[in-house]
Amino acid sequence: MKGLIQRVRGARVEIAGEVVGAIDQGLLALVGVEPQDDQASADRLLHRLLNYRVFGDDQGRMNRSLSDVGGGLLLVSQFTLAADTRSGLRPSFSSAAPPALGEALFDYLLAQARTRHPQVASGRFGADMQVHLINDGPVTFLLET
């Protein structure tokens with residue numbers, strides 16, 4: 001699994017003009033699922049999302065995690081993260097999980113996140129979404145399991 005995380009001051013997901021998920025300060029995580037991923041992959045990614053130290057401490061160093069600061073977590077499925085872009089001028093999606101597996105693992109990740117963190121929002125799997133964010137820093141990292 002891949003999670004492209006961005007530290008945000010705020011983020012929201014809209015579908016057809018309706019806000020379906022929003023957070024204030026926290027992390028926006030774009031999530032890509034690959035064919036070899038399973039629930040253990042989702043568990044590892046969630047652990048990293050909640051504990052990866054990307055927020056500043058009193059000295060301004062990135063020593064605090066999402067759990068430490070109590071920020072929001074906005075999960076957005078994005079199969080394009082799993083694309084093979086190593087050659088050519090068009091991405092190949094053969095390295096992305098089939099939709100049924102992708103949806104099942106994204107739903108599992110979301111359910112687990114909601115049991116372990118108080119502020120979790122999400123987009124909608126497979127929907128045409130517009131993601132609005134204020135990237136704080138900017139701070140962006142690609143996490144892989």
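A short reminder: the numbers here are calculations on the coordinates, not readings from a lab. Note that the structure is a prediction, hence the values are computed from the model and not measured. Every residue, glycine as well, gets a Cβ built from its backbone with ideal geometry; the counts of neighbours run over all protein chains shown.
Here are some notes:
- Two-site label geometry, VAL69 and ALA40: point separation in nm, points 7 Å out along Cα→Cβ: 3.2
- Applying 0.36 nm per residue to the separation of SER95 and ALA16 and subtracting their alpha-carbon distance, the gain on full extension is 25.6 nm.
- Comparing mean-square fluctuations of LEU133, LEU89, LEU46 from a GNM of the chain with C-alpha springs under 10 Å, the top value falls on LEU89.
- Summarising the amide proton neighbourhood of LEU74: residues at separation of 5 or more, or on other chains, whose placed amide H is nearer than 5 Å comprise LEU27, LEU28, ALA29, ALA121.
- Considering only the stretch 2-136, percent of DSSP beta bridges that pair antiparallel, nearest 5: 70
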